[in-house]
Amino acid sequence: MVKRKRSNRNDPFGLKSFSKSLTLSSNRFKGRMAEDSFELSQRLQGHEVKKIHKGGDFVVQKTDLFGRKTGKPKTYEVKTGDSQLTKAQQKKKRQLKKNYKVVRY
């Protein structure tokens, strides 16, 4: 007796892995676009923006009219949709408290 794989009604053509990779690449693209638009908006406001790699996306320092830094630097995490914070981002948020902001696009 030959066992057959149960077909998934949501995936009649067997393209599950292909469609998943499309979805993931689409989500990465949306995330990059959101980060770029956030960075551009902060630079247009005259703030100094620095890209970081662990625990957040950007460190933003406000500057005055003459280019002098004012206030404390804040770490911003840019998220799209209803995506969750990673463990490293949650840890950084607990450490920085008021100086950590999550921005949703």
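The values are calculated or read from the model by the stated rules, or taken from the named source; none is laboratory data. Note that the structure is predicted; figures quoted are calculated from it, not measured. Note that we place each Cβ from the backbone using ideal geometry, even for glycine, and neighbour counts take in every protein chain shown.
Looking at (1) more than 30 Å from residue 91 (Cβ to Cβ); (2) modelled with pLDDT of 90 or more; (3) of a type in the set (Lys, Arg), can you tell me which one residue 32 breaks?
(1) is the only condition that residue 32 fails.
Take the range 50-105 and flag every residue that is in a helix (DSSP H, G or I), among the polar types (S, T, N, Q) and more than 22 Å from residue 25 (Cα to Cα).
90, 95, 99
Suppose the filter is at positive phi and loosely packed, with under 15 Cβ neighbours inside 10 Å; does residue 87 pass it?
No, not satisfied.
When the residues of the range 18-75 are narrowed to those that are β-branched (Val, Ile, Thr) and surrounded by 12 or more Cβ atoms within 10 Å (Cβ to Cβ), which ends up nearest to residue 101 (Cα to Cα)?
75
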